[in-house]
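What follows is a set of notes on a single structure, which appears directly below.
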Amino acid sequence: MNFKASDVVMKFKGLTALDGVSLDVAKGEIVGLIGPNGSGKTTLLNVTSGVYSPTSGSFSMGAESWSSISLRDAARRGIRRTFQNIRLFNSLTVLETVEVASAWLGTGDRRENALNALDELHFTQHRDRIATELAYGMQRRLEIARAIAGRLEFLLLDEPTAGLNHGESEEIVTIVQAIRRRRGCGIVIIDHDLNVIMNVCDRVVVLSEGKVIASGPPQEVRRDPQVIKAYLGS
Ligand code: ADP
């Protein structure tokens, strides 16, 4: 389903983190979200996934529209996300970790959803290992497995390659492309690694001080003088 955010404003006390942001993501499209630190990227993911209620603005996906939504209702509609910092529960196995997420969603068969997600990330042989004992790169992949278990219409990835080496980052790129191919969902990816963004995205949206300052194919955006000034040159 196509996703649309319209004129979203998010104020934290005196600070305007999002200042009228609109974003369209088509079914099957991968959009990269870049911009300097503090430009509002994570806040946009937070209001989209129901972590925060925006000050104003609206969202729609398919035939449904809303101005504010809970994290769980967003997830039930298939708006799923990963977080910048990995959040794993102590002592749960890999399979249990994904199952808990799937149970929280409360739709479909949680075991089946979890097993399918692990299979998609080539994680099946690690299903009985303790999640927190996995190497860091594998924990990053597990985060993605957890986000795709069950209904998935729109996937939001907040710095999925943070802390990964080159080979591991390439693996994430391959995984993201495979998810798009298999699930046909829209994907938004925030990443500091411009090579990842350039490799995987159909379109790049640039935020600066809570506003979209550019949007277009990666190669075009990379040459935009406003973008170079606000971001690449900084
Ligand atoms: P980015 O992801 O682009 O680095 P953020 O969305 O994290 O930017 O932050 C945008 C601005 O909003 C920053 O100035 C940040 O300090 C502020 N901000 C984000 N979340 C909160 C919050 N929960 N409370 C107060 N200010 C916040």
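Among the residues examined, residue 44 does not qualify as within 23 Å of residue 162 (Cα to Cα) and either assigned to a loop (DSSP other than H, G, I, E, B) or open to solvent by 10 Å² or more (accessible area, probe 1.4 Å) (or both).
Would you confirm whether any residue within segment 87-97 is aromatic (Phe, Trp, Tyr) and either surrounded by 22 or more Cβ atoms within 10 Å (Cβ to Cβ) or at pLDDT 95 or above (or both)?
no
Among all residue pairs at least 6 apart or on different chains, which show Cβ distances below 6 Å where the first residue, located in segment 179-201, is closer than 23 Å to residue 61 by Cβ and modelled with pLDDT of 95 or more and the second is part of a loop (DSSP other than H, G, I, E, B) and of a type in the set (A, V, I, L, M)? Hits for this filter: 183/152; 185/152. Candidates are the residues of segment 124-142 that are under 15 Å from residue 85 (Cα atoms) and either within 16 Å of the ligand (Cβ to nearest atom) or charged (D, E, K, R) (or both); the one that is most open to solvent (accessible area, probe 1.4 Å) is 141.
Restricting to segment 14-39, give me the number of residues that are more than 8 Å from the ligand (Cβ to nearest atom), among the small types (Gly, Ala, Ser) and open to solvent by 50 Å² or more (accessible area, probe 1.4 Å). Count: 2.
I want to confirm something. Restricting to segment 215-234 and keeping residues that are assigned to a helix (DSSP H, G or I) and among the charged types (D, E, K, R), which single residue is least open to solvent (accessible area, probe 1.4 Å)? Even if it seems obvious, please write down each step before you answer.
Within segment 215-234, the subset assigned to a helix (DSSP H, G or I) is 218-223, 225-232.
Of the ones still in play, those that are also among the charged types (D, E, K, R) are 220, 222-223, 229.
Values: 220: 109, 222: 93, 223: 162, 229: 173 Å².
So the residue we want is 222.
Looking only at residues of segment 40-74 that are within 16 Å of the ligand (Cβ to nearest atom) and β-branched (Val, Ile, Thr), we find that the one that is farthest from the chain's Cα centre (by Cα) is 55.
Matching residues to (1) outside any helix (DSSP H, G or I); (2) touching a Leu at 6+ places or on another chain (Cβ under 7 Å); (3) open to solvent by 60 Å² or more (accessible area, probe 1.4 Å):
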{"residue": "144", "(1), (2), (3)": "no, yes, no"}
{"residue": "147", "(1), (2), (3)": "no, yes, no"}
{"residue": "150", "(1), (2), (3)": "yes, yes, no"}
{"residue": "167", "(1), (2), (3)": "no, no, no"}
{"residue": "170", "(1), (2), (3)": "no, no, yes"}
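Scanning segment 194-214 for residues that are open to solvent by 60 Å² or more (accessible area, probe 1.4 Å), over 16 Å from residue 157 (Cβ atoms) and outside any strand (DSSP E or B) yields a total of 1. Tell me, which residue of segment 1-13 that is more than 17 Å from residue 39 (Cβ to Cβ) and either open to solvent by 70 Å² or more (accessible area, probe 1.4 Å) or part of a loop (DSSP other than H, G, I, E, B) (or both) is nearest to the ligand (Cβ to nearest atom)? Of everything passing the filter in segment 1-13, 13 is nearest to the ligand (Cβ to nearest atom).
The values are calculated or read from the model by the stated rules, or taken from the named source; none is laboratory data. As the structure is a prediction and not an experimental result, all values here were calculated from the model. Reconstructed Cβ throughout: ideal geometry from the backbone, glycine too, with neighbour counts over all protein chains shown. These area figures cover heavy atoms from the full protein model, side chains too; ligands, DNA and RNA do not enter into them. Shrake-Rupley method; radii C 1.70, N 1.55, O 1.52, S 1.80 Å.
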